[in-house]
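The values are calculated or read from the model by the stated rules, or taken from the named source; none is laboratory data. None of these values were measured; they are calculated from a predicted model. In this analysis, Cβ positions are derived from the backbone assuming ideal geometry, glycine residues included, and neighbour counts consider all displayed protein chains.
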Amino acid sequence: MDRPGRDGGVPARYASRVTSTAGTTQGAQTLARGLAALRAVAETPDGLGPNDLASRLGVHRSIAYRILQTLVEAGFVVRGADGRYRGAVGLLALAAGGYMGLRDAAVPVMRRAADDLGATVSLLVVQGTEASALAVVDSARSRYRIVFAEGSTHPLDRGAAGHVLRAFDPPRPDDTDAVRLARAQGWSSTFAEVEPGAYGLAVPVLLDGGPNACLNVITYVAEVADLALDRLIEAAAEISALPR
C-alpha cells in the first residue's frame, strides 16, 4: 500500500507526476489567457488598457499587464502614447501567414485582372471588426497609384469590400442598406468611402471552408469602375476554383 508523504499529502512516488500535471495545467491556462488577450486586442481597434483586459479575462490587473507585455515583446501588440494596446505589424504577419496558400493562389489571377482593367485589385478578408488587405496588386498600365497596401485595414461598415464581407453574415436588423443591397445583388460599389476620390467595386470570393473574402477594385476613373464588374466576377470565380 502507498504511504502518504511526510506532510500527510500525496504519496511520495506520485509527487513528481502530480507536479508535472499541475505545471501542464498552469501552462495551458497561461496559453489560453494569452490567446484570449490576443483576440481581444485584435477585435478592438481603439485599443485596450490593462484594466479593460483584466475585466475581459477575469484576472487581476497585474496579470493582464504581464500578458500584454509578453505580447509586446513578441511583436504582436504595441503600446500607444495613450497607454492603450493595439495590434502590431507582427499580428498582421501572423494572420497573413495563415492565409498564405490563398494569397499565393490569388495573386497571379489578380495581376491579370488588374492589367486588364488598368486598376488596383485587392483581396480582403475579415479580421475581427475590420476588412484587412491580404494582397494588393497594382496595374502595370495604370496612370495613378492608389495609396493602399497589404495589411491595410478599414472598418467593415465602410467601403465596397466592407459591405460585401458583411453580406456573408445572416441578415440582421441593424444591417445597413448597403449591406442588404450587396447581399441581394452579389456585389457592391461605392465612392470615396475609404479612399478620397476613389471608386470601389467588390465581389465575394466563395471559398469552401475558407475565410470570408472578396476581390475589390479601386480606381479614380468612374468608367473603369462601371466596366469592371464582369471581369472581377470572373477573377473571383477563378480564385474560388483554385487548389490551395
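Quick one: Pro4 ticks every box in (1) at pLDDT below 80; (2) touching a Gly at 6+ places or on another chain (Cβ under 9 Å) bar one, so which box is it?
Unmet condition: (2).
Among the listed residues Val107, Val126, Val164, which satisfies the condition of being in a strand (DSSP E or B) and either of a type in the set (A, V, I, L, M) or without any contact (Cβ under 8 Å) to a residue 12 or more places away in the chain (or both)?
Going through Val107, Val126, Val164 in turn, just one is in a strand (DSSP E or B) and either of a type in the set (A, V, I, L, M) or without any contact (Cβ under 8 Å) to a residue 12 or more places away in the chain (or both): Val126.
So is Ser132 of a type in the set (S, T, N, Q), part of a loop (DSSP other than H, G, I, E, B) and either modelled with pLDDT of 95 or more or in contact with a helix residue (DSSP H, G or I) (Cβ under 8 Å, 6 or more places away or on another chain) (or both) or not?
no
Spot the failing condition for Gln185; the list is (1) surrounded by 19 or more Cβ atoms within 10 Å (Cβ to Cβ); (2) among the polar types (S, T, N, Q); (3) without any contact (Cβ under 8 Å) to a residue 12 or more places away in the chain, and only one is missed.
Every condition holds for Gln185 apart from (1).
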